[in-house]
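Accompanying notes for the structure given below.
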Amino acid sequence: MKTLWKVFSTQIKSVRVIFGWLCLFKLCFWTTLIVTVKLWASYDMFYHLKWPDHETPTLLSHFSAYDGSYYLTLCKNGYQGGAQTSAFYPLWPLTIKLTSFLCGGNYLVVGLILANILSILAWVLFYSIVEKRWGNGTAKGAVVFLIAFPGSFFYQFLYSESLFFLLIMGLWWGLENKRYGLAFIFAYLLPLSRPIGVFCFLPILWHVLTVCPPIWLERRPRLFALLTRSPVVPEGQGEDTQKSQGTPLLKSKDTLKSFRWWLVLTPFFGWLFYFTLMFIWTNNPLDGFAAQRFWGVHSISNLWNVPKFFHAWFSPKTWHGYDGSFLDETLFTLVVCSVPILWKLDKSLLAWLYVLAILPAMSGMFVSSTRYSSVAFPIFIAISFFFKPASRRWCKFGLMGAFVILQSILIWRYVNYQWAN
């Protein structure tokens, strides 16, 4: 009991510290950005922005380009059949609209505030889970690399990354701590926030098969061993702590056994609710899929067109553009490099990696891959582990510095209405 209390109190203290640092980071980020935009930003490419409609742009307009403007349009006008905005999923604009009364109905301001609050909560939860599994050093490194990653600046703006990542962390936390009631809620909401949310049934299925394996899997010990995680003891926890967790795990296994397949199917129930909402709003449950024609990129058929995927990977067209981005395709290399590390660390993270990084890259042929990868948390855990030895310290600082420079460039492109997704 003393060991458990020591671990618990230490984690609470470390979470408070990281929360304070994250709030300070947000304050510094926005202070620097607002001053910089006020002094040097341009409206020359404002035509890329669709918000505010038919009005003169203001300082705040710099922070609502591209997808942000579509979400604001949804908050103002709702879903309309056959419109481009139907391609965007409803949970984020609904969240903004329902809380807009806090800022006098100003969707832009409340959206920015929500994005920053939700991202802090998601980062703290991410730190908490990683710290419990692999220790404080790994958790700090993973959070720092996540925030510094070039595509992570969207956590500060009117994009769905903050909400989606918080839901992902909530689901992961629920599975890791055997809190399946909360896992149900997050699994149900994920398909309402992003199209790839429905594919979160894969890591849920992996969890169910390893925690509560069916008879056919138990009879195949080699296959079962292939799925299970490697036993990595977190820093500061000894054998007493590990043994004390045995009884609750047995109880949670019995609890999971009674409704395990319902948990796996929960993302599909959320997806079904999404189709119901689209039918109510547009009279066409598939209007969101039909709206993809305006972009002509994402297609489910791309998932099994492997030759096309590899051709797109090694055929950059521009440094960073809508199609054929050298930056998107280069940063995807981190996904590939993280696979052997995650295989040794925790095989279940590979399911998350596929859903959050590989699947979006394949379906859209790397369009906005840098942004999508910012929520692929296994990448940052793998990077943190790789750079853990002191001998790799300077390489770690070099990669982090490169991340910060690239993110700064993308931020400047975004606030000046240039392509940064």
Gyration tensor on Cα atoms of the chain, a ≥ b ≥ c root eigenvalues, a/c under 1.5 rounded, else prolate if a/b beats b/c, else oblate, says prolate
Which whole-Hz ³J(HN,Hα) couplings does region 159-164 yield from phi under the Karplus relation 6.51 cos²θ - 1.76 cosθ + 1.60, θ = phi - 60°, glycine and proline marked x? 10, 7, 4, 4, 5, 4
Net +/- balance of residues flanking His320 in space, Cβ distance below 9 Å, scoring K and R +1, D and E -1: 0
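Summing -39500 (n - 2.57) over the DSSP H runs of n ≥ 4 in the chain and dividing by its residue number, what mean residue ellipticity at 222 nm do you reach, to the nearest 500 deg cm²/dmol? Could you put the intermediate results ahead of the total?
Numbers: 20 runs with 272 residues, N = 421.
The helix-only estimate for the chain comes to -20500 deg cm²/dmol at 222 nm.
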Net charge, Trp271 excluded, C-beta distance under 15 Å - Lys, Arg +1, Asp, Glu -1: 0
Roughly how many nanometres apart are two label points built 7 Å out from the Cα toward the Cβ at Arg220 and Trp343? 1.9
Would you mind ranking Glu176, Glu329 so that the residue whose beta carbon has the fewest other beta carbons within 10 Å leads the list? Glu176, Glu329
Under Karplus coefficients 6.51, -1.76 and 1.60, residue-wise ³J(HN,Hα) of region 277-294 in Hz, glycine/proline x: 4, 5, 5, 5, 7, 10, 6, 9, x, 9, 5, x, 5, 5, 5, 5, 5, 5
Expressed in nm to one decimal, what extension gain is obtained for the pair Thr99 and Thr330 from 0.36 nm per residue of sequence separation less their Cα-Cα distance? 79.3 nm
Pseudo-spin-label distance Thr228 to Trp295, built 7 Å along Cα→Cβ, given in nm, is 4.1
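How would region 292-395 be classified by its alpha-carbon gyration tensor: rounded, prolate or oblate, with rounded meaning a/c under 1.5 and the a/b versus b/c comparison settling the rest?
Working: a/c = 2.44, a/b = 1.67, b/c = 1.46.
It comes out prolate by the Cα gyration axes.
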Using a 10 Å cut-off around each Cβ, can you sort Phe310, Phe153, Phe273, Phe332 from fewest to most neighbouring Cβ atoms? Phe310, Phe273, Phe332, Phe153
How far, in nm, would the chain grow between Lys317 and Phe29 when pulled straight, counting 0.36 nm per residue and subtracting the alpha carbon separation? 100.5 nm
Would region 109-215 count as rounded, prolate or oblate if I go by the C-alpha gyration tensor, calling it rounded below 1.5 in a/c and otherwise prolate when a/b exceeds b/c, oblate otherwise? oblate
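Quick one: which of 110-123, 93-106, 291-304 comes out on top by average Cβ neighbours within 10 Å, and what's the full order, highest first? Show your work: numbers first, answer last.
Details: 110-123: 20.9, 93-106: 15.6, 291-304: 13.2.
Highest-to-lowest ranking by the protection proxy: 110-123, 93-106, 291-304.
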Kindly state, to the nearest 0.05, the FRET efficiency for Val17 paired with Asn283, given R0 = 51 Å and r defined as their beta-carbon distance. 0.50
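Throughout, read-outs are computed from the coordinates displayed, never taken from laboratory work. Just so we're clear, the structure is a prediction, and the values are computed from it rather than from any experiment. All Cβ positions, even for glycine, are placed from backbone atoms using ideal geometry, and neighbour counts span all protein chains on display.
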